[in-house]
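Peer 1: Take this structure first; my questions come after.
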Amino acid sequence: MKRYILLLLFLLTCSFVKAQDEIDTSWKRGVFINVNFSQVSLSNWAAGGENSISLAAITNLFLNYRTEKRSWENSLDLAYGLTKSGDEGVRKFDDKIEFISKYGQKATGKLFYAALLSFKSQFQPGYNYYPDDSTVLLSRFFSPAIVLVSVGLDWKPTDYFSLYFSPATGKFTFVNDQDLADLGAYGVEPGENSRIEFGAYLSAKFKKELLQNVSLESKLDLFENYTDEDASNKKNIDVNWTVLVNMKINKFLAASLSTELIYDHNTPVPLYSKDADGNRFQSGAGPRTQFKEVLAVGLSVKF
């Protein structure tokens, strides 16, 4: 299954590149690829430290159609990063698949009737690592996978900002790995492989070149579940906020800073404590705000 997904993503990338010569001026398209490598090597270093090596790649593709009465926006964001530090094995620090397609028909002025489809998952398994070298599986491809289907209104006051609101959104969470499903991971009932929610969805997106060779892209997604059986949980809004700053150094070198903030009451995060000897151990799990930051400098291609 994974091979077919990777092949599909490769073909989609190729189609974006080929589209430059085949589509009319109503379309805007682009591909940004950034590959970053870093290495630290120490020998008899008095200040201490560990040898390390890391490799990361970010790919952003978009294909948008815009006329006076219609709009169709498609984007695919991929990220993957590996690191090895000291005697530890190779570990993953970044992993993302996100596809969004949004179609709009003009209602009035800058307002569009719109429909949106999005898909989120990851490429490889993710683990929780313990001091005794044991690992616990936390996630893998399609575990979870989150699909949103919605209809609503899309306000586009400028070319670089849009605000989409849907009072009718279906959120589908899939956990294909049965071991994780049996634990009730990511909000599914224990033993079930999916969870269906219905609620309101808001998405604000900003994308603009702030300075020459410096661009900012930020997206805030909010979802409130109307149908949660736990009445006290209905006030807990799912939050996903991403920020990406791309800085072009020259034709082939670039730097990027990306952050992601997530809060989902149905996704417990491991909680840790320390014993009397200072050793860390997992003391439980509960809903917490998740945050990730990746700063990278490396080779880049943009067209």
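Peer 1: Can you work out the FRET efficiency for the pair Asn128 and Asn250, with r the C-beta to C-beta distance and R0 = 45 Å, to the nearest 0.05?
Peer 2: Given R0 = 45 Å and the Cβ-Cβ separation, E is 0.65.
Peer 1: Turning to a different aspect of this structure: Test of understanding: express the Cα radius of gyration of segment 79-141 as a ratio to 2.2 N^0.38 Å, with N the residue count.
Peer 2: 1.85
Peer 1: Which of Lys110/Lys248; Lys205/Lys292; Lys120/Lys205; Lys28/Lys102; Lys84/Lys251 have a Cα-Cα distance over 23 Å?
Peer 2: Among Lys110/Lys248; Lys205/Lys292; Lys120/Lys205; Lys28/Lys102; Lys84/Lys251, the Cα-Cα distance tops 23 Å for Lys110/Lys248; Lys84/Lys251.
Peer 1: With labels modelled as points extended 7 Å from the Cα through the Cβ direction, what inter-label distance (nm, one decimal) is found for Asn233 paired with Ser26?
Peer 2: Those two pseudo-labels are separated by 4.4 nm.
Peer 1: What size of dipole, in debye to the nearest 20, comes out for segment 199-245 about its Cα centre when the only charges are +1 on Lys and Arg C-beta atoms and -1 on Asp and Glu C-beta atoms?
Peer 2: Working: 6 positive and 8 negative charges, 65 e Å.
Charge dipole, segment 199-245, about its Cα centre: 320 debye, nearest 20.
Peer 1: Mean projection of the alpha-carbon convex hull of segment 29-184 over all orientations, in nm²?
Peer 2: Details: hull surface 52.2 nm².
Mean orientational projected area (segment 29-184, Cα hull): 13.1 nm².
Peer 1: A further question on this structure: State the extension gain, in nm to one decimal, for the chain segment bounded by Asp182 and Arg70, taking 0.36 nm per residue of separation less the distance between their alpha-carbons.
Peer 2: Using 0.36 nm per residue and subtracting the Cα-Cα distance, I get 35.9 nm.
Peer 1: What is the extension gain from Val147 to Phe93, computed as 0.36 nm multiplied by their sequence separation minus the C-alpha to C-alpha distance, in nm to one decimal? Write out the running numbers ahead of the final one.
Peer 2: Numbers: separation 54, 0.36 × 54 = 19.44 nm, distance 2.32 nm.
Extra length from Val147 to Phe93 when fully extended: 17.1 nm.
Peer 1: If you count, for each residue, the other Cβ atoms within 10 Å and average over each peptide, how do 144-155, 248-259 line up from highest to lowest?
Peer 2: Put in order of decreasing packing, that is 144-155, 248-259.
Peer 1: In nm, give the distance between the simple-model label positions of Ile196 and Phe161, each being 7 Å from the Cα along the Cα-to-Cβ direction.
Peer 2: Placing both labels 7 Å beyond Cα along the Cβ direction yields 3.8 nm.
Peer 1: Return the distance in nm (one decimal) between the two label points of a simple spin-label model at Leu211 and Ser43, each offset 7 Å from Cα along Cα→Cβ.
Peer 2: About 3.9 nm, to one decimal.
The numbers here are math on the coordinates, done by the rules we state, and not lab data. Because the structure is a prediction, the values reported are computed rather than measured. Note: ideal-geometry Cβ built from the backbone for every residue, glycine included; neighbour counts use all protein chains shown.
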